[in-house]
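K.L.:
Before I ask anything, here is the structure I am working with.
Throughout, read-outs are computed from the coordinates displayed, never taken from laboratory work. In this text, all values refer to a predicted model and were calculated from it rather than measured experimentally. Note that each Cβ is placed from the backbone with ideal geometry, even for glycine, and that neighbours are counted across all protein chains shown.
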Amino acid sequence: MSAPAEKTVTDSGSAIDEKHAADAVVAPGIGDHYDPDAIVPGSEGVTYGEMDSLRHVSDHINISSFLVIVVEFAERWSYYGTINVLNNYIRAPLPPGSVDGSVPAADRANGIAGALGKGQQISFAIRTFNSFWFYITPWIGGIIADCYLGRYYTIMLFVFVYLIGHIILVAGATPHVLAMPDTAMALMVVAIVIMGIGGGAIKANVSPMIAEQYTGKMRKKTLKSGEVVIVSPAVTYQRIYNWFYASINWGSAGAISASFLARDHGYWSAFLVPTCILCLVPVVLVAGRKHYVITPPRGSILLETIRVIKMCLGDKFSWNPARTLRAVRAPGFWDVAKPSFYEAGAVPKNITWDDQFVDEVDRTVKACQVFCALPFFYLCYSQIDGNLSTVAAGMTLNGTPNDLIQNLNPIVIVIAVPILDLALYPTLRRLHINFTPIKRITTGFMIASLAMLYAAILQKFIYEQSPCHDNLPSECTDADGNPNPAPINVWVVSGPYILVGISELFTTLVSNEYAFTKSPKRMKSTVMAFSLFMSAVSSALNFALTAVNVENRFAWLFGSFAVVALVVGILFYFGFRHLDKEEQHLNVVGLGERKGFAGEAADVTYATHHHGEEKLGAGAVKLTVL
């Protein structure tokens, strides 16, 4: 294979200013041929041949990444510390003699904490809205961060919005307010809306912020054994996101206390603890501010992305989808948006970017297509947020709160992450087995399908064993009004929680990693918001299924989701396996020195910046450093 020809761009009349007139070698774009002896852009002397043939290993994770991990840990504790007990809070009534939702000590063997008594369907509808809202609001945080404030200041701003919502939730769960159920319900809904704005905006930014703290370059390293390996940023990002996802689940596991607090001391105390934990976020952000690597925002980045896509579609768009698809997949589809496509002096005035940005947009479009399969996975994941705790409520508890079992999910993840990161993945790389993101996501779909099959079979047994035989085992009571569960130990329901937890490590975790590694450097929060939005789409689908999200149809529901996950997983693999072949080359798009954007120094795009330099980006808001 021959190296790509050197190309020059000169256009004094376009929006690309004089700095773009300097001669420069244009890095190979997506789909171009690669000279095995050519140097990989942004690497320290690594050739394409070495990148493709040598084993890849991870670099070390730095202190600033660990500081962001603490931020995520606290935010996730605050989220799961409330959402984990929300089902019982809404669904179940106040236990006999209780004013705060707690269960009297004498009744705790099988008693269930509750407060509002609105039933399963209303509980499901509100929790589904919460999931939808929480995963549509990342668009707010993503756009504000990428275009105006940067990630650091966006997180700092919205953590206080998040805290306001938490405070309202605590106030609405006090005994005085619970005595007025409609008022308590209204305050809870207001709290959910405010918390969704704050938490969603944070979530779009914490994930890319943790990975951008790593600034190492691809390089060769000789091990003590004499083996030459590649120290790979892509593998390092995989490791960072493994531990990032562990931090999410450390926070979720920490929220185990919420079930016991609600049962023993009432809901106001269960909601107060995560509120206090959230207060750690601004403290950690301020304490580590001198260490953080930041990406300056660019006010026009979204408009420029839209312009790139619009230019490339041009007259290729057709109302015939098949014709449009063929045109989009044709070689050279993206070339028309690249400055190097035009003769000197003929670059259109609305091109304000370099060639590499067009390749980044190409890569991002591919990633967003991958994300579009995720709603079907999240349909399975959503069952652990409430429906499975209702399943548990119809089983023999023996003093175990029915909403405690769901905490097995984060515990399994916390245990599994070190096994994957320190044992499984290094072993596969040593054996030259490339367990790419597409393969990992497919694996997650298969495991989620098994989880739903387990849940469907278990629910069928519970229907048959419940003393009431009305397919509503969680509502079954004896003559004295006490719970009369099916004679099946509640811990049997742990299977779906464990399997869904494992599936997350191969799907949800990898989607975070994919969103970071496949998006433009200046637009990572917005692409992350798109990835998170797939959970909101899933919630909307789930909301459409409200009529069948009732206990007497759970077996059918779980079985249907098992089939959907299996079918979509198979279609996903065969639809995207071609991206496996491009994986390593996709990861180096846009690296190295670049011409950058019009109106700003080139190194704003490719250099490393630290806290306080947000104002470098064009269109950024002038900020005062804390």
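K.L.:
Which of CYS368, CYS279 has the fewest other C-beta atoms within 10 Å, and how do the rest follow up to the most?
P.N.:
By the 10 Å Cβ count, ascending: CYS279, CYS368.
K.L.:
Based on a Kirkwood Rh over C-alpha pairs, give the Stokes-Einstein translational diffusion coefficient of segment 140-215 at 20 °C and viscosity 1.002 mPa s in µm²/s.
P.N.:
160 µm²/s
K.L.:
Work through the residues other than LYS316 whose Cβ is under 13 Å from its Cβ and net out their charges, Lys, Arg +1 and Asp, Glu -1.
P.N.:
+2
K.L.:
Further question on the same structure: Could you grab the relative contact order for the chain? Cα pairs under 8 Å, six or more apart, rounded to a whole percent.
P.N.:
Taking the mean separation of contacting Cα pairs over the length of the chain, I get 23 percent.
K.L.:
First select every other residue whose beta carbon is under 15 angstrom from the beta carbon of LEU408; then total the charges, Lys and Arg +1, Asp and Glu -1.
P.N.:
-3
K.L.:
Taking N as the number of residues in the chain, what is its alpha-carbon radius of gyration divided by 2.2 N^0.38 Å?
P.N.:
1.03
K.L.:
Here's another thing I want to ask about it. Which aspartates and glutamates, on any chain, are close to LYS338 with Cα under 16 Å apart, when same-chain ones fewer than 8 places away are left out?
P.N.:
GLU6, ASP11, ASP17, ASP23, ASP32, GLU304, ASP354, ASP355, ASP359, GLU360, ASP362
K.L.:
To continue, here is another question. Would you tally the net charge around VAL550, using a Cβ to Cβ cut-off of less than 15 Å, leaving VAL550 out, and scoring K and R as +1, D and E as -1?
P.N.:
Overall, the nearby charge balance is +1.
K.L.:
Please find the FRET efficiency linking LEU325 to MET180, where r is the Cβ-Cβ separation and R0 is fixed at 56 Å, and quote it to the nearest 0.05.
P.N.:
0.50
K.L.:
What is the gain in length, in nm to one decimal, between ASN482 and THR546 on full extension, counting 0.36 nm per residue of separation less the C-alpha to C-alpha distance?
P.N.:
20.2 nm
K.L.:
Setting aside same-chain residues fewer than 8 positions from LYS439, which lysines have a Cα under 27 Å from its Cα?
P.N.:
The qualifying lysines are LYS203, LYS217, LYS220, LYS366, LYS518, LYS521, LYS524, LYS581.
K.L.:
What's the exposure ranking of CYS276, CYS312, CYS380, going from fewest to most Cβ atoms within 10 Å?
P.N.:
Starting with the residue having the fewest Cβ neighbours, the order is CYS276, CYS312, CYS380.
K.L.:
Rounded to two decimals, what ratio of Rg to Rh does segment 298-340 give with C-alpha atoms and a Kirkwood Rh?
P.N.:
Using only Cα positions, Rg/Rh for segment 298-340 is 1.04.
K.L.:
For segment 175-271, what does the equivalent ellipsoid look like in terms of its semi-axes, each the square root of 5 times an eigenvalue of the Cα gyration tensor, given largest first in whole Å?
P.N.:
Values for segment 175-271, descending: 46, 17, 6 Å.
K.L.:
Using amide H atoms built 1.01 Å from N in the peptide plane, name the residues 5+ places from THR47, or on other chains, whose amide H lies under 5 Å from its own.
P.N.:
VAL40
K.L.:
So, one more: Among HIS176, HIS432, HIS265, what is the fewest-to-most ranking by other Cβ atoms within 10 Å?
P.N.:
By the 10 Å Cβ count, ascending: HIS432, HIS176, HIS265.
K.L.:
Positive end of the dipole of segment 18-616, charges at C-beta (+1 Lys, Arg; -1 Asp, Glu), about the Cα centre: which of MET209, LEU579, GLY501 has its Cα farthest in that direction?
P.N.:
Farthest towards the positive pole: LEU579.
K.L.:
While we're looking at this one, here's another question. If you fit an axis through the alpha-carbon atoms of helix 494-506 and take the longest principal axis of the Cα set of the chain, what angle between them do you get, 0 to 90°, nearest 10?
P.N.:
10 degrees
K.L.:
Sequence gap at least 6, Cα distance under 8 Å: using those rules, report the relative contact order of segment 357-465 to the nearest whole percent.
P.N.:
After rounding, I find 32 percent.
K.L.:
In straight Cα distance, which lysines are under 26 Å from LYS118, not counting same-chain residues fewer than 8 positions off?
P.N.:
LYS460
K.L.:
Could you size up the charge dipole of the chain around its Cα centre, putting +1 on the beta carbon of Lys and Arg and -1 on that of Asp and Glu, and report it in debye to the nearest 20?
P.N.:
260 debye
K.L.:
Taking N as the number of residues in segment 479-599, what is its alpha-carbon radius of gyration divided by 2.2 N^0.38 Å?
P.N.:
1.57
K.L.:
So, one more: Kindly express, to the nearest 10 degrees and within the range 0 to 90, the angle between helix 578-587's C-alpha long axis and the longest C-alpha principal axis of the chain.
P.N.:
That works out to roughly 70 degrees.
K.L.:
Could you work out how far helix 408-419 tilts from the main Cα principal axis of the chain, as a 0 to 90 degree angle to the nearest 10?
P.N.:
40 degrees
K.L.:
Can I ask one more? How big is the C-alpha Rg of segment 319-423 next to the rule-of-thumb value 2.2 N^0.38 Å, as a ratio?
P.N.:
1.94
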